[in-house]
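As structure tokens, the structure follows; a few thoughts come after it.
The values are calculated or read from the model by the stated rules, or taken from the named source; none is laboratory data. Fair warning: this is a prediction, and the values are worked out from it, not measured in the lab. Cβ: placed from backbone, ideal geometry, glycine included. Neighbour counts: every protein chain shown. Areas reflect the complete protein model, heavy atoms only, side chains present, ligands, DNA and RNA absent. Shrake-Rupley method; radii C 1.70, N 1.55, O 1.52, S 1.80 Å.
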Amino acid sequence: MRIPCPFCGLRDVAEFSCHSDAARIRPDPASSDTAAWTDYVYNRANPRGPGSEYWQHNHGCRAFLIVERDTVSHAIIGARLARAENPANDALLARAQKPAKAARIAKGGRA
Ligand SMILES: [Zn+2]
């Protein structure tokens, strides 16, 4: 299986790690709705067919991607940068990066 990283090109899946389902919607952090948080943290839909997942290019540019993948055939449909869609993804990226790189990103630099 190969993933098309927007920065590095077509790379082997061994260079990446899968993080989570990208279609889940996180509850408002200020919310104390226990049922909503329990559902978000513990329940997974495990859909059959095309879906989107967060992947990180650990052994490359370290960027977080949203990869569209068919869970039946494992065919990669496409990949795009996660932070391009939602600036809130910068927090996820900053936690996974080395401290110096995270500070550079927080100042608006490249990942
Ligand atoms: Zn890359």
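The figures follow:
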| item | result |
| --- | --- |
| Scan of region 1-10 for residues that are within 10 Å of the ligand (Cβ to nearest atom) and open to solvent by 80 Å² or more (accessible area, probe 1.4 Å), ordered by number | Phe7 |
| Residues (closer than 17 Å to Ile66 by Cβ and either without any contact (Cβ under 8 Å) to a residue 40 or more places away in the chain or polar (S, T, N, Q) (or both)) located in region 19-43 | Ser20, Asp21, Ala23, Arg24, Ile25, Arg26 |
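Okay, residues lined up against (1) within 16 Å of the ligand (Cβ to nearest atom); (2) within 16 Å of the chain's Cα centre (by Cα); (3) open to solvent by 70 Å² or more (accessible area, probe 1.4 Å):
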residue	(1), (2), (3)
Ala22	no, yes, no
Tyr42	no, no, yes
Gly49	no, no, no
Ser52	no, yes, no
